[in-house]
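Note sheet for the following structure.
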Amino acid sequence: RFLSRLWRVSGEVAAAAGEPKSLTDDLGARAVGESRELLSKAHWAIDKATSDFNRGFQFNTVIAAVMELVNEAYRLKDGLFGSSEGDAALRFATATAASLIFPFAPHLGSEIWEMIEGGRVWEEPWPQADPTLLSRDTFTLVIQVNGKVRAKLEADSGLEGEELLALARAEEQVASHLDGKKIVKEIVVPGRLVNIVVR
């Protein structure tokens, strides 16, 4: 099912993009909003796949990263088609998915690459993640009470410790689980989650 989704979105992208052409190097500098969001996800997938291959060939997590990238392309595609940056971001994301999935599904990966970029994917160097596109202004903060997820919210990447705890405590769904209870422990994992232990 995942490979079918990748094939479908790639067909849509190829039809919108017209003839295969090389991606411009300054796309990352020009992209804003959802285009930049998708580019960031593509570079995140490159970074994750590369590090997981290098760390003991963790194939399952590489495939999971490509799945996340394809899901993000599906989520954003309708809002991106039609603008030059949006079309280019979709082309980059789907071409990246094709190159990352190539070691596992070589026929599909090569067909998608040729359709979108032209040429042969196996003659291309392994993609390199752009560090400037790996950083994000916000992240999804997961808030747990006694280990159970009670809320998720977007938080600024610069927030730490007490600031994240204050955000978590102020969240309505969380506050109701804290009401009348004693806080025993508060665990903060910057950039990921807050877990409040109560009794």
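The values are calculated or read from the model by the stated rules, or taken from the named source; none is laboratory data. Since we're looking at a predicted model, the values are computed, not measured. A quick note on method: Cβ atoms are made from the backbone with ideal geometry, for glycine too, and the neighbour counts reach across all protein chains shown. Each accessible area value is taken on the protein alone, full model and side chains, heavy atoms only, with ligands, DNA and RNA left out. Shrake-Rupley method; radii C 1.70, N 1.55, O 1.52, S 1.80 Å.
Using Cα pairs under 8 angstrom and six or more residues apart, how large is the relative contact order of the chain, in percent? Provide the component values of the computation, followed by the final result.
Values: 280 pairs, mean separation 39.8, N = 199.
Across the chain, relative contact order equals 20 percent.
Placing +1 on each Lys and Arg Cβ and -1 on each Asp and Glu Cβ, with no other charges, gives the chain a dipole about its Cα centre of roughly 1040 debye.
To the nearest µm²/s, what D does Stokes-Einstein give for region 99-148 at 4 °C and 1.567 mPa s, using the Kirkwood radius over alpha carbon pairs as Rh? It comes out at roughly 92 µm²/s. The angle separating the long axis of helix 2-17 from the principal Cα axis of greatest extent in the chain is about 60 degrees. Solvent exposure of the chain amounts to 56 Å² per residue of accessible area, where only protein heavy atoms count and the probe is 1.4 Å. Within the straight-line cut-off of under 20 Å between alpha carbons, the aspartates and glutamates reachable from residue 48 are 37, 68, 72, 124, 130, 137, sequence neighbours fewer than 8 places apart in one chain being disregarded.
Using a 1.4 Å probe and counting only protein heavy atoms, arrange 34, 172 so the residue with the most accessible area comes first.
Details: 34 80, 172 150 Å².
Of 34, 172, the descending order of accessible area is 172, 34.
Sorting 53-61, 107-115, 76-84, 156-164 by average packing, meaning the other beta carbons within 10 Å per residue, from highest down gives 107-115, 76-84, 156-164, 53-61. Straight-line cross-link partners of residue 77 among the lysines, defined as a Cα under 21 Å from its Cα and at least 8 positions apart when in the same chain: 21, 41.
Determine the equivalent ellipsoid of the chain by diagonalising the alpha-carbon gyration tensor, then write out the semi-axes as square roots of 5 times the eigenvalues, largest first, rounded to whole Å. Spell out each step's value before the answer.
Working: eigenvalues 288, 65, 43 Å².
That gives 38, 18, 15 Å for the three semi-axes.
Projecting the Cα atoms of 83, 198, 165 onto the dipole axis of the chain, where Lys and Arg carry +1 and Asp and Glu carry -1 at the beta carbon, places 198 farthest toward the positive end.
Here region 33-137 is treated as a sphere whose radius is the Kirkwood value from Cα pairs; by Stokes-Einstein at 4 °C and 1.567 mPa s it diffuses with a coefficient of 94 µm²/s. The Kirkwood radius of region 72-120, taken over pairs of alpha-carbon atoms, gives through the Stokes-Einstein law at 4 °C and 1.567 mPa s a diffusion coefficient of 117 µm² s⁻¹.
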